[in-house]
1. Could you give the length gained by full extension between residue 42 and residue 3, i.e. 0.36 nm per residue of separation minus their alpha carbon distance, to one decimal place?
2. Would you mind checking the pairs 94/114; 55/94; 92/156 and listing those with alpha carbons more than 32 angstrom apart?
3. So what are the range 1-167's ellipsoid semi-axes, whole angstrom, largest first, if each one is the square root of 5 times an eigenvalue of the alpha-carbon gyration tensor?
4. Sort 91, 77 so that the residue with the fewest other Cβ atoms within 10 Å of its own Cβ comes first and the one with the most comes last.
5. Could you work out how much longer the chain between residue 74 and residue 146 gets when fully extended? Use 0.36 nm per residue separation minus the Cα distance between them, nm to one decimal.
6. State, to one decimal in nm, how far the label point of residue 59 lies from the label point of residue 108, with both points 7 Å from Cα in the Cβ direction.
7. Take residue 166 and residue 118, extend 7 Å from each Cα along the Cα→Cβ direction, and tell me the distance between the two endpoints in nm.
8. Step through the residues of the range 45-52 one at a time and calculate ³J(HN,Hα) from phi using the Karplus curve (6.51 cos²θ - 1.76 cosθ + 1.60, θ = phi - 60°), rounding each to whole Hz and writing x for Gly and Pro.
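Quick note: the coordinates plus some simple rules give every number you see, no bench work behind them. Just so it is clear, the model here is predicted, and its values are computed rather than measured. Note: ideal-geometry Cβ built from the backbone for every residue, glycine included; neighbour counts use all protein chains shown.
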Amino acid sequence: MNQQHSIRLQLHRLPLEIAETHRGLANLTTDIAKRDTHDGEEFSMTVGNREYFGKGAREEAAKALTHAILSWRDDTSIQPRGAFRGFEILSKGKSAGRFNPEDDRLPEIFIRGKGTYAAHLNPENPIGTVQSIERTLRALDRATGEEQRRLEHLEKTLSDYQAQASRPFEHEVRVEGGRGRAERRSRRYRLRWRARKKECRISADGPVSVRH
């Protein structure tokens with residue numbers, strides 16, 4: 001029963017994971033196309049209601065974005081703080097720790113298009129935050145390859161489990177094997193019994209006579 005139960009669970013779980021991976025790949029494909037439409041453009045970024053572009057825009061936008069994210073560090077909901085190359089820049093603060101209010105309170109930042117992707121906040125070097133956002137967008141191609149390999153692995157695993165499900169389970173093989181052996185013994189016994197019966201002559205006025 002354990003083997004059957006395990007296979008049934010996998011046959012239920014794997015199609016869900018495959019569907020989820022298909023959705024992830026579709027999101028990545030859409031976001032790569034969006035990213036690529038901005039290739040070759042000069043740097044521009046929106047923080048709050050202000051757009052930064054032209055000379056010195058990268059440095060100014062980086063400072064403004066870092067300041068905006070840190071100023072909302074107590075907001076534990078995911079909220080938009082800016083936009084870059086058609087993607088939203090989101091941040092999510094962390095609640096104060098019970099014993100050390102300043103411990104591990106660096107907000108998380110995300111880039112959201114069709115999918116949502118994590119980047120890294122660098123409060124000591126705001127330009128590093130912008131560079132992390134740019135690296136995250138460049139990494140979408142690598143993420144697509146990884147998801148494609150994961151999809152192939154999941155589909156092969158599902159195929160293997162489906163093949164196992166179509167074969168008798170181990171305990172069924174033992175049962176069927178034992179039943180087959182019992183049936184063969186019974187058949188041999190019946191054949192011997194019929195053969196012996198033919199050799200038997202029953203006298204109307206005497207005991208059974210068996211010819212040896």
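1. Numbers: separation 39, 0.36 × 39 = 14.04 nm, distance 5.92 nm.
Stretched out fully, the residue 42 to residue 3 stretch lengthens by 8.1 nm.
2. Working: 94/114 25 Å; 55/94 34 Å; 92/156 38 Å.
As for pairs spanning more than 32 Å Cα to Cα, those are 55/94; 92/156.
3. On the way: eigenvalues 315, 97, 23 Å².
Rounded to whole Å, the semi-axes are 40, 22, 11.
4. On the way: 91 24, 77 9.
Starting with the residue having the fewest Cβ neighbours, the order is 77, 91.
5. Details: separation 72, 0.36 × 72 = 25.92 nm, distance 3.43 nm.
Taking residue 74 through residue 146 to full extension adds about 22.5 nm, to one decimal.
6. The two pseudo-label positions are separated by 3.3 nm.
7. For residue 166 paired with residue 118, the spin-label model returns 4.1 nm.
8. 8, 9, 10, x, 9, 10, 9, 10
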